[in-house]
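Colleague: Before I ask anything, here is the structure I am working with.
The values are calculated or read from the model by the stated rules, or taken from the named source; none is laboratory data. On a predicted model such as this, the values are computed, not experimentally measured, just so you know. Heads up, the Cβs are rebuilt from the backbone with ideal geometry, glycines too, and the neighbour counts pull from every protein chain shown. In case anyone asks, the SASA skips ligands and DNA or RNA and just uses the protein heavy atoms, side chains included. Shrake-Rupley method; radii C 1.70, N 1.55, O 1.52, S 1.80 Å.
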Amino acid sequence: FLLLFTLQTPSWTDDIRDFQIEGMSVGDSALDYFTKDQIKNAEYKMFKNDKYKTFVFYDSDYKVFDAIEIAYKKNDKKFIIVSISGGITVTNKEDCLKKNDEMVNNLKDFFPESQSMSDEGFHPADTNGKSKYYRTGFKINPKAKYFEVEVSCIFFEGELANNYSSNAGITIKTDTFNEWVTHEAYK
């Protein structure tokens, strides 16, 4: 299984801006990869508070992932990426968990000194309690307040499976974005 992101610098880096998903990094301008029209047409509301905007692109030309999801600050004219995710669509729970485990093990091998934490639960959008998530967060930079890298398997069942694609993926987030998600996004 391929390492699902690349580094611009050696593996001892502790700056998440050095990680790339399909060539894109936190801190880059989304305008370097997409037009304003593409971004605006692909936006959707993920959180109750709209301080940050999110958009997703599916592209068969991506090397590893099926889709990329990016967040940026609402009125940022440069569309600076504060969170980027890459997802691989899966059709069964076993494949989702297998890809999730492979990504987690790659990160643990690559960053043996990093702090990590795993959990699982029911997806908050599923009121019937059928759709589950499995995730592991990594704190790469010891000075970071939050886990900057998250690996997850989200498997939708029941009604949500009609609207969402189950996937295994990886997300890279800035501490500022993590702070907002933790304290403001759902207010």
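Colleague: Using the Cα centre of the chain as origin and beta-carbon charges of +1 (Lys, Arg) and -1 (Asp, Glu), tell me which of Thr176, Phe34, Asn49 is placed farthest towards the positive end of the dipole.
Modeller: The listed residue farthest towards the positive side: Asn49.
Colleague: Sticking with this structure for a sec: What are the equivalent ellipsoid semi-axes of the chain, built from the alpha-carbon gyration tensor (square roots of five times its eigenvalues), in whole angstrom, biggest first?
Modeller: Working from the Cα gyration tensor, I get semi-axes of 22, 22, 17 Å.
Colleague: If the reach is capped at under 23 angstrom between alpha carbons, list the lysines near Lys53, excluding any in the same chain fewer than eight residues apart.
Modeller: Answer for Lys53, where 23 Å is the Cα cut-off: Lys36, Lys40, Lys45, Lys73, Lys74, Lys77, Lys78, Lys145, Lys173, Lys187, listed by chain and number.
Colleague: Here is a further query. Considering only protein heavy atoms, with the full assembly of protein chains and a 1.4 angstrom probe, order Asp76, Asp37, Asp126 by accessible area, largest first.
Modeller: The residues order as Asp37, Asp76, Asp126, largest area first.
Colleague: Further question: Quick check: with the 1.4 Å probe, what order do Thr171, Thr91 take by accessible area, largest first?
Modeller: My answer, sorted largest first, is Thr91, Thr171.
Colleague: Taking Rh as the Kirkwood radius, which is the inverse of the mean 1/r over Cα pairs, what is the Rg/Rh value for segment 45-132?
Modeller: Answer for segment 45-132: 1.00.
Colleague: Report the extension gain between Asp76 and Glu157 in nm, rounded to one decimal, defined as 0.36 nm multiplied by the number of residues separating them, less their alpha carbon distance.
Modeller: 25.5 nm
Colleague: Please give the per residue accessible area of the chain, computed with a probe of 1.4 Å over protein heavy atoms only, in Å².
Modeller: Heavy-atom SASA per residue in the chain reads 56 Å².
Colleague: Determine the relative contact order of segment 61-147: mean sequence separation of Cα pairs under 8 Å and six or more apart, normalised by residue count, in whole percent.
Modeller: About 19 percent, as a whole number.
Colleague: Something else: Under a point spin-label approximation (7 Å from Cα along Cα-to-Cβ), what is the Thr89-Lys48 distance to one decimal in nm?
Modeller: That separation, rounded to one decimal, is 3.2 nm.
Colleague: Right, next: Taking Cα pairs under 8 Å and at least six residues apart, what relative contact order does segment 110-187 come out at, in percent?
Modeller: Computed value for segment 110-187: 23 percent relative contact order.
Colleague: Okay, moving on. Using only DSSP helix segments of four residues or longer, with each worth -39500 (n - 2.57), what per-residue ellipticity at 222 nm results for the chain after dividing by its residue count and rounding to 500?
Modeller: That comes out to -6000 deg cm²/dmol.
Colleague: In addition: State the percentage of accessible surface on the chain attributable to carbon and sulfur atoms; use a 1.4 Å probe and exclude ligands, DNA and RNA.
Modeller: Ligands and nucleic acids excluded, carbon and sulfur give 47 percent.
Colleague: Can you send over the solvent-accessible area of Glu150, 1.4 Å probe, protein chains only, in Å² to the nearest 10?
Modeller: About 50 Å², rounded to the nearest 10.
Colleague: How large is the charge dipole for the chain, taken about the Cα centre, if only the Cβ atoms of Lys, Arg (+1) and Asp, Glu (-1) carry charge, to the nearest 20 debye?
Modeller: 640 debye
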